[in-house]
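All remarks here apply to the structure that follows.
The values are calculated or read from the model by the stated rules, or taken from the named source; none is laboratory data. A quick note: this is a predicted structure, and the numbers were derived from the prediction, not measured. Here the Cβ positions follow ideal geometry from the backbone for every residue, glycine too, while neighbour counts run over all protein chains shown. For accessibility, only protein heavy atoms count, side chains too; no ligands or nucleic acids. Shrake-Rupley method; radii C 1.70, N 1.55, O 1.52, S 1.80 Å.
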Amino acid sequence: MDTSSVTQALILAGGQATRMRPYTDDAPKAMVPVAGAPIIGYQLLWLAEHGVKTVVISGGYKAEMISDYVGNGSRFGVTAVYAIEDEPLGRGGGLKYAAQRLPDLDAPFFVLNGDVISTFSLADLAGYHERHDAAVTVALSPYRSNWGVADLDDQDHIKGFVQSPELPYWINAGIYVFNPDVIALLPDKGDHEDSTFPRLARDGRLMGYRHSGYWRGIDTVKDVMEASKEVRSAGTTLASEFRTTDIDT
């Protein structure tokens, strides 16, 4: 696996995720198990595989469950640092607060939302970001419909259905590369996608990186079930040492 030139990352893991109940009744979203292992376990191993050395974990709701599972990060191959909010700051505010714990405030860093699992090349993402001299590069995934799409002929006869097809659109994958100068542009409270990103877009400093690798956003109970099937099918389930539930649950 190619090693990325970016060696530090930040995971936004403070979400409560009411739409994923009952999984999140007693746990933060990043600790929801997929094929037996928490989402954050997949993320940490993916980051380590691509050469990331230090990961700052931004936490809030039931953050102690994350620190109990991750510890100092050594078993995942990284150094884990924690930035725990005393009050909800929103994604942008939480990102700005947690970024102060990065080991090198003058170097770029990856940012991951705490509810995504992916396997595309972070080295390619970092290289793209550097070549385009972007302030922030947003990883983009093909948009896949949640419904079956009817295949019609010219007389509107239904010839069949295509289940969950990819559509000709690209969506925010919740995975980014940030340049360090963007930290000062983040809100103290609120969402950076409502404030910082529009500003960067107007200035031509926000780039999109279209990838074709595996990606799954996990926002509902259905997503948990689908992601579990996908990682089992791909043979990418985590080893027993990283699981918190039985692999078949």
Region 8-242, accessible surface, carbon-and-sulfur percent (1.4 angstrom probe): 49 percent
Quick one: Kirkwood hydrodynamic radius for the chain, alpha-carbon pairs, angstrom, one decimal? 18.8 Å
To the nearest 20 debye, what is the magnitude of the charge dipole of region 148-246 about its Cα centre, counting +1 on the Cβ of each Lys and Arg and -1 on the Cβ of each Asp and Glu? 320 debye
Tell me, how many Å apart are the Cα centres for region 55-84 and for region 94-120? 13 Å
Per-residue counts of other Cβ atoms within 10 Å, averaged by peptide: what ranking do you get for 107-119, 176-188, 63-75, highest first? 107-119, 176-188, 63-75
Once Lys and Arg get +1 and Asp and Glu get -1 on their Cβ, which of V149, P198, L45 lies farthest toward the positive end of the dipole of the chain? L45
DSSP bridge pairs, the chain: antiparallel proportion in percent, nearest 5: 50 percent
Other residues with Cβ under 13 Å from the Cβ of A9 give, with Lys and Arg +1 and Asp and Glu -1, a net charge of 0
Express the relative contact order of region 8-242 as a whole percentage, based on alpha carbon pairs under 8 Å and six or more residues apart in sequence. 25 percent
Would you compute, from DSSP H runs of 4+ residues alone, the mean residue ellipticity of the chain at 222 nm, taking -39500 (n - 2.57) per run and dividing by the full residue count, rounded to the nearest 500? -7000 deg cm²/dmol
Please identify the helices of the chain, taking whole runs of DSSP H, that span at least 15 Å along their own axis as judged from the Cα atoms and have a mean Kyte-Doolittle score of -1.0 or higher. 39-49, 221-234
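So what is the accessible area of the chain per residue, in Å², with the probe set to 1.4 Å?
Here the per-residue accessible area is 49 Å².
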Under a Gaussian network model of the chain whose springs join Cα atoms within less than 10 Å, the largest fluctuation of R205, R101, R131 belongs to R131
